[in-house]
Amino acid sequence: MLSDDVFRDRLEQTLVDIEGWGAAIRDCADVGIAASDRYWRMVVVPNEDLACPFELMIRSDQKFSLKLAAETYEDRPIERLDLFPALVRAIEAGRVDKIEIYNALTDALAGIAMRVELAPGWDWIGDRRISPPTPAEEWRTRRFLPYRR
């Protein structure tokens, strides 16, 4: 965890970058930004139906929450601030996979994961289990489309 003053300085640079990105995609998505002393939040809804909408909230306590399509991941620790510019650009580019994990014997949904390919060899993955892992699972993957086509 960074000291508060170092975190704020680096966060400010990161937010300038992300807000610049947000301004550049307004032709293909609705972008909303809200901020206070305790958080900064961006909501992006693409014009393309099959692209991935998202909401990103970065908090002053060095945690973040992310909603990708219908999946929400809350209170994640911020390990690297360079994650966020890479994340929003990867989502825009359509490098987001929704992975549904099914029990191969019963075809019951066992888990859902969202994977964002940030760069070669660098993925952000959020997941949640609906039921305990089983020895036989089937993964079904759906890739979202880019904001611009």
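The values are calculated or read from the model by the stated rules, or taken from the named source; none is laboratory data. Everything numeric here is computed off the predicted structure, so don't read it as measured data. Here Cβ is always computed from backbone atoms with ideal geometry, including for glycine, and neighbour counts include all displayed protein chains. Surface areas here come from the heavy atoms of the whole protein model, side chains and all, with no ligands, DNA or RNA. Shrake-Rupley method; radii C 1.70, N 1.55, O 1.52, S 1.80 Å.
Descriptive notes on the structure:
- Arg129 versus Glu12: modelled label distance in nm, points set 7 Å from Cα along the beta carbon direction: 4.4 nm
- Taking 1.567 mPa s as the viscosity and 4 °C as the temperature, the Stokes-Einstein diffusion coefficient of the chain based on its alpha-carbon Kirkwood radius rounds to 79 µm²/s.
- Here the 3J(HN,Hα) profile of region 75-81, calculated from phi with Karplus coefficients 6.51, -1.76 and 1.60 at θ = phi - 60°, is 6, 7, x, 8, 9, 8, 6 Hz, Gly and Pro shown as x.
- Rounded to 10°, Cα long-axis angle of helix 4-24 versus longest principal axis of the chain: 80 degrees
- Once both labels are positioned 7 Å from their Cα atoms along Cα-to-Cβ, the gap between Ser60 and Ile33 label points is 1.9 nm.
- Seen against the Cα atoms of the chain and their longest principal axis, helix 83-92 is set at about 60 degrees.
- Region 71-120: GluC sites (Glu not before Pro) falling in loop per DSSP and having at most 16 other Cβ within 10 Å: Glu79
- Summarised as an ellipsoid, region 30-118 has semi-axes of 26, 16, 12 Å, derived from the eigenvalues of the Cα gyration tensor scaled by 5 and square-rooted, with the largest first.
- Potential extension, Glu138-Asp82 segment - 0.36 nm per residue separation minus Cα distance: 16.9 nm
- Net charge dipole size for the chain [Lys, Arg +1 and Asp, Glu -1 on Cβ; Debye, nearest 20]: 220 debye
- Built from the Cα atoms of region 70-114, the convex hull projects on average onto 4.4 nm², one quarter of its surface area.
- With every protein chain in place, region 70-121: carbon and sulfur % of accessible area (1.4 Å): 47 percent
- By the compact-protein rule of thumb, 2.2 N^0.38 Å, the alpha-carbon radius of gyration of region 24-70 corresponds to a ratio of 1.23.
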